[in-house]
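Trainee: Just dropping this structure here.
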Amino acid sequence: MAGTTANQLIREFQEHFETGIVPAVYRAPGRVNLIGEHTDYNDGLVLPTALEMACYAAVAPAQHGLLRVFAKDLNQSREWPVATLGELRQSHDWSDYIIGVVQQLLIDGYETRSCDLYITSEVPVGSGLSSSAALEVASALAFLDGRPLDRLELARLCQRAEVQFVGMPCGIMDQYTSIFGQQGSAIEIDCRNLQYELVALPQDVRILAVNTMVKHELSSSAYRERVAECGAAVEAIGVVNQSVTSLRDVSPAYFGQIQDSLPVIPRKRARHIVTENERVLDFATAARSGDLAEMGRLFIASHRSLQYDFEVSCEELDFLVDTAIKMDGVYGSRMTGGGFGGCTVNLVAPGAVQTFHDGIVKAYQKRYQIEPVFYECNPSPGAGRL
Ligand code: GLA
């Protein structure tokens, strides 16, 4: 755990809410996606891993009839009468993730009782490491506080909170990974049947995320646009082949046959998704046989596809990738998450970590006058009670 302990949170909770009651503490991790980007909302394949960095929620029942929330990192409080929770509208801030979850729980028949909730998170916001999914899952576990809910249903519920309340038409990768993450392994998720397989990574490599420290304005509008463009590609293919209901149904060979019939934008978007699904399969095979060179090659191919075909990268991400892949001991580098800022993820030989760090800091600072932040990504367990 990256520095946060249950005892510490219990103490902070008691001090903040001026109570002697011992809260239950729940943890939900962020994730780094290794490969399979923007494929989740196309019924495709993704290969992420849960992180040590997590969101923590300490919760205890109360008698005041309110839901009271304190976000420690922002030093902000919110409170609502429990009876009004079902009627609330967006506030366009962090509390939307929490209220979104509450409303989905209500829809599923789980009443929210009056309680105090203390939230803190180590997952950097806007970094592409799923701080929002971590907050959703930690909040959901806190509100359930022991009431049973199937883990897949929990992932779906948190995704619905984001789609329906926050208004972000995301796939299920982030919430799923926060819940099903495994110590020591990445997980290959089939977003069509929602099953996963463990993919152990070779021992002799470090996974490092590097934060550009930028998040461009257009990231959420562009995300919506990509979802729509993928839909347009399915529609265009569906005209000639009705059995295609998502880009998952399109094999690389079939895409080769029909691509010329597609308008240019849907063609480029579809080409990314179709080839990215193949890269996920190839990456899992390479990881299982310890083929770091091939894993690195697939990372770079994924980045180029996101850069040129899917067009969700940005100058800062491209700069970090292009700088990294010229360095000794770096197998591969690519943007991770939705894009338009956030992090790259890098496969680095253990002996090269220091020179990688120093080289990237120097080059990025020289170019952008910004100090990038590094995170070691050790595959960690999914959400649960501490
Ligand atoms: C965001 C979304 C995910 C996924 C990624 C891109 O993180 O929340 O569902 O689509 O972008 O792979």
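Trainee: Have a look at R248, R334, R279 and point out the one that is under 14 Å from I207 (Cβ atoms) and within 16 Å of the ligand (Cβ to nearest atom).
Mentor: R334
Trainee: Of everything in segment 288-320, what is part of a helix (DSSP H, G or I), in contact (Cβ under 8 Å) with a residue 24 or more places away in the chain, open to solvent by 30 Å² or more (accessible area, probe 1.4 Å) and charged (D, E, K, R)? Give them in sequence order.
Mentor: R288, R297
Trainee: Just to be sure, is Q76 open to solvent by 60 Å² or more (accessible area, probe 1.4 Å), more than 23 Å from R160 (Cα to Cα) and within 27 Å of the chain's Cα centre (by Cα)?
Mentor: So Q76 passes the test.
Trainee: Quick check on this structure: which one of V137, V123, V102, V69 is outside any strand (DSSP E or B), free of Cβ contacts under 8 Å to residues at least 60 places away in the same chain and of a type in the set (V, I, T)?
Mentor: Going through V137, V123, V102, V69 in turn, just one is outside any strand (DSSP E or B), free of Cβ contacts under 8 Å to residues at least 60 places away in the same chain and of a type in the set (V, I, T): V102.
Trainee: Next question. If you scan segment 80-99, which residues turn out to be without any contact (Cβ under 8 Å) to a residue 40 or more places away in the chain and in a helix (DSSP H, G or I)?
Mentor: Once the filter is applied, which keeps residues that are without any contact (Cβ under 8 Å) to a residue 40 or more places away in the chain and in a helix (DSSP H, G or I), segment 80-99 yields V82, A83, T84, L85, G86, E87, S95.
Trainee: Please indicate, with yes or no, whether at least one residue in segment 108-115 is open to solvent by less than 10 Å² (accessible area, probe 1.4 Å), away from the ligand (no atom under 13 Å from the Cβ) and of a type in the set (G, A, S).
Mentor: No, segment 108-115 contains no residue that is open to solvent by less than 10 Å² (accessible area, probe 1.4 Å), away from the ligand (no atom under 13 Å from the Cβ) and of a type in the set (G, A, S).
Trainee: Another question about this same structure. Counting only residues that are within 13 Å of the ligand (Cβ to nearest atom) and in contact with a Phe, Trp or Tyr (Cβ under 6 Å, 6 or more places away or on another chain), how many does segment 313-331 have?
Mentor: 0
Trainee: Check off (1) outside any loop (DSSP other than H, G, I, E, B); (2) open to solvent by 30 Å² or more (accessible area, probe 1.4 Å) for Q242 and give me the number that stays unchecked.
Mentor: Here Q242 meets the rest and fails (1).
Trainee: I've got another one for you. Test each condition in (1) more than 16 Å from the ligand (Cβ to nearest atom); (2) open to solvent by 10 Å² or more (accessible area, probe 1.4 Å) for P372 and report the one that comes out false.
Mentor: (2)
Trainee: Next up: State all residues of segment 161-170 that are surrounded by fewer than 23 Cβ atoms within 10 Å (Cβ to Cβ) and in contact (Cβ under 8 Å) with a residue 60 or more places away in the chain; if no residue qualifies, say none.
Mentor: Within segment 161-170, Q164, F165, V166, G167, P169, C170 meet the criteria.
Trainee: Residue by residue through segment 1-59, note down the ones that are more than 16 Å from the ligand (Cβ to nearest atom), open to solvent by less than 10 Å² (accessible area, probe 1.4 Å) and within 22 Å of G171 (Cα to Cα).
Mentor: A54
Trainee: Quick one: is S77 away from the ligand (no atom under 16 Å from the Cβ), over 18 Å from A24 (Cα atoms) and assigned to a loop (DSSP other than H, G, I, E, B)?
Mentor: Criteria not met by S77.
Trainee: Just checking, how many residues over segment 141-183 are aliphatic (A, V, I, L, M), part of a helix (DSSP H, G or I) and more than 13 Å from the ligand (Cβ to nearest atom)?
Mentor: Count: 7.
Trainee: Any idea which residue in segment 184-200 is farthest from the ligand (Cβ to nearest atom), counting only those that are of a type in the set (A, V, I, L, M) and in a strand (DSSP E or B)?
Mentor: Per the criteria, the residue is A200.
Trainee: Looking at segment 347-376, I want the residues that are free of Cβ contacts under 8 Å to residues at least 24 places away in the same chain and have a partner that is open to solvent by 40 Å² or more (accessible area, probe 1.4 Å) and outside any strand (DSSP E or B) with Cβ atoms under 9 Å, at least 6 apart or on another chain. Which pairs are those?
Mentor: Close Cβ pairs (under 9 Å, with a partner that is open to solvent by 40 Å² or more (accessible area, probe 1.4 Å) and outside any strand (DSSP E or B)) amount to V361/E371; Q365/E371.
The values are calculated or read from the model by the stated rules, or taken from the named source; none is laboratory data. Remember, it's a predicted structure, so these values are computed and weren't measured experimentally. Glycine also receives a Cβ, built like all others from the backbone with ideal geometry; neighbour counts cover every protein chain displayed. For the accessible areas, the whole protein counts, side chains as well, though only heavy atoms, and no ligand, DNA or RNA atoms are used. Shrake-Rupley method; radii C 1.70, N 1.55, O 1.52, S 1.80 Å.
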